[in-house]
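Heads up, the thing below is written out as structure tokens.
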Amino acid sequence: MSAAQSEHQPIMNTDWWSVGTVTIGITVFAIAQGLTYPLISLLLAARDVSDTTIGLNAAAFMLGLGVSVLVVPRLTRHLRAGQVIVAGLLGAAMSLGGFAATDNLIAWFMLRFALGFCVNAIYVFGEAWLNAATADAVRGRVSGVYSAGMAVGFVIGPLAIPLFGIESELAFAACAVLVSCVAFGLAMMSRRAKVEPEKPQLSDLPRFARAAPMLVFLVVAFGFIDASVLSLSPVHLTEVGATAALAATFLAVMHLGMIVAQPILGVVLDRVDRWYVATGCLAATGLVFLSLTFVSIDSPSLWGLGALGGAAFLGIYTSALAILGQDHKGPALTAGAATFSLAYAIGGVIGPIVTGALVSSFPGTTFIPVAIISLIGAVIVLRRRR
């Protein structure tokens, strides 16, 4: 084989229809998640709901993710991965429509749970599918593009708040329509995919967790950070004087940093030990969010730190995803993707609850738990790796 043929072999061995289907799917799911996290928090805060209750509502989404890991494999055993993703999109659209139809707090807890349940379809099937379809030589770059697509969704979601405002249900309704339209497009696109991941088996999840505890820890940490930052940073900013539009724009800037950084990080992941990249992302996340605790909303550094923080904490997950495909194949890969979803849910349940309770007692401390778990996590991973 010539050098030119060898160079292009990873591209030839990658099923780009599968990669495209999964990446578009996660982008649209991220739009829904990126919209609901800040918008629901801001709406509840405007109704004088406590920070603890806001954190619990965010945790309901993660609880839906976790329950879905245990139920979805049995419900979808006769469906292709593409069909599962489309069904999840349609379910997410119905949940978003529910938010537009009612403002009952109890109903919002149930809808938040349902949204998490539906979103999990892409986490259980999509990431195993992505890794199964990708050659290892380009795995870091594909993971970076996948994470960048996720970040694009997280940017579009918060930007709907300044566009539609928080005084009406239009943002929820518009997102429901978008998600429904994309679902039908992906139903056609997924038919051209050549790779099909193995179905997850619940009995494999504990085995994977015992085999790769540090990898599971990375995803738990990411879930803790992601849910805490997305759900409570808008409340933190409005409590120190920012408008709802400024708080939503801060989240958008944070995710713009993710978009720019993840493809670059993907190149690094293909050339440097992926565990060291993950450790660096943890350390950078801790330092940035520790700094954000002391930055005022009038400081220009707020925006730079926000972009850097978003790039760093999503990098934790991008690194974990690349390591998963690097170290695990076949049933272990599918079990790892399902375990990732459960680990993300666990971190996502704990993060908003702990952070919300802390902020209720000590205002202004929103980013402290994120900084602590990131810095301690960096030390743990580095020590275990050595």
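Could you work out the helix-only [θ] at 222 nm for the chain, with each DSSP H run of four or more residues adding -39,500 (n - 2.57) and the total divided by the number of residues, to the nearest 500 deg cm²/dmol? Each step should come with its number before you reach the end.
On the way: 15 runs with 313 residues, N = 386.
Only helices count here, giving -28000 deg cm²/dmol.
Of (1) 27; (2) 11; (3) 17, which is the value of percent of Cα pairs over 39 Å apart derived from the coordinates here? The value matching this structure is (2).
Ordering V229, V182 from the fewest to the most neighbouring beta carbons within 10 Å gives V182, V229.
Our coupling estimate for region 263-274, obtained by passing each phi through the Karplus curve with A = 6.51, B = -1.76, C = 1.60 and θ = phi - 60°, is x, 5, 4, x, 5, 4, 5, 7, 10, 10, 3, 5 Hz, Gly and Pro reported as x.
When you filter the chymotrypsin sites (Phe, Trp or Tyr not before Pro) in region 280-380 for DSSP loop state and at most 13 other Cβ atoms inside 10 Å of their Cβ, you are left with F294.
Kindly provide the trypsin sites (Lys or Arg not before Pro) of region 139-195 that DSSP labels as loop, not H, G, I, E or B, and whose Cβ sees at most 10 other Cβ atoms within 10 Å. All intermediate terms of the calculation are to be shown ahead of the outcome.
Numbers: sites: R139, R141, R191, R192, K194; in loops: K194.
Those satisfying the criteria are K194.
Here, each number is a calculation from the coordinates, and none is a lab measurement. A quick note: this is a predicted structure, and the numbers were derived from the prediction, not measured. Cβ sites come from the backbone with ideal geometry, for glycine too, and all protein chains shown count toward neighbours.
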